[in-house]
1. For the chain, report the accessible area per residue in Å² (1.4 Å probe, heavy atoms, rounded to an integer).
2. Which of the trypsin sites (Lys or Arg not before Pro) across the range 1-54 are loop residues per DSSP, with 13 or fewer other Cβ within 10 Å?
3. For the range 2-9, take each phi angle, set θ = phi - 60°, evaluate the Karplus expression 6.51 cos²θ - 1.76 cosθ + 1.60, and give the result in whole Hz per residue in order, putting x for glycine and proline.
4. Can you find, among Ser70, Gly26, Met82, the residue farthest towards the positive end of the dipole of the range 14-103? Put +1 on the C-beta of Lys and Arg, -1 on that of Asp and Glu.
5. Only Cα pairs within less than 10 Å get springs; with that Gaussian network setup on the chain, which residue of Ser84, Ser62, Ser30 has the largest fluctuation?
6. What part of the accessible area of the chain, given as a whole %, is carbon or sulfur when the probe is 1.4 angstrom?
7. Among the trypsin sites (Lys or Arg not before Pro) within the range 59-99, which fall in a DSSP loop and have no more than 11 other Cβ atoms within 10 Å of their own Cβ?
8. Which loop-located chymotrypsin sites (Phe, Trp or Tyr not before Pro) does the range 66-111 contain, where loop means any DSSP state but H, G, I, E or B and the Cβ has at most 11 other Cβ atoms within 10 Å?
Amino acid sequence: QVHLAESGGGLVHAGGSLSLSCSASGVFFSINGMGWYRQAPGKERELVALATSGGSTNYADSVKGRFTISRDNAMNTVYLQMNSLKPEDTAVYYCYAVGYIDYRTPGDYWGQGTQVTVSS
């Protein structure tokens, strides 16, 4: 199946920037969308940003204007550029992909998560 590997998490001060990367590997038929979710302690996992194969993007209201999602030409890597970070952005960030395992079977895939910590 598809394996998603995240990288780029870390510790930054408020107002700083981080860039996350997620690479998909393994056997799959197609990936239609890739993106990022996050989960803070005691909070529900929430959508941060998604990018479709058609080029559309979707952002949580809380990150609009600060975060930018992009995908590479092969559509198997997704990036999240995070600027003007706030302490409330602190969370474990999870890469997410949705597509087809084979020509007829849809599937969802999750990375293991990478910690982003923003200090005040």
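1. Working: 6260 Å² over 120 residues.
Solvent-accessible surface per residue comes out at 52 Å².
2. When the trypsin sites (Lys or Arg not before Pro) of the range 1-54 are filtered for loop state and at most 13 Cβ neighbours within 10 Å, Lys43 remain.
3. Values, residue by residue: 6, 10, 10, 10, 9, 8, x, x Hz.
4. Met82
5. Fluctuation is largest for Ser62.
6. The C+S portion of the solvent-accessible surface of the chain is 50 percent.
7. Lys64
8. Tyr103
The values are calculated or read from the model by the stated rules, or taken from the named source; none is laboratory data. Just so you know, these numbers come straight off a predicted model, no measurement behind them. Here the Cβ is made from the backbone with ideal geometry for all residues, glycine too, and neighbour counts use every protein chain on show. Protein only, heavy atoms only, side chains kept; ligands, DNA and RNA dropped before computing areas. Shrake-Rupley method; radii C 1.70, N 1.55, O 1.52, S 1.80 Å.
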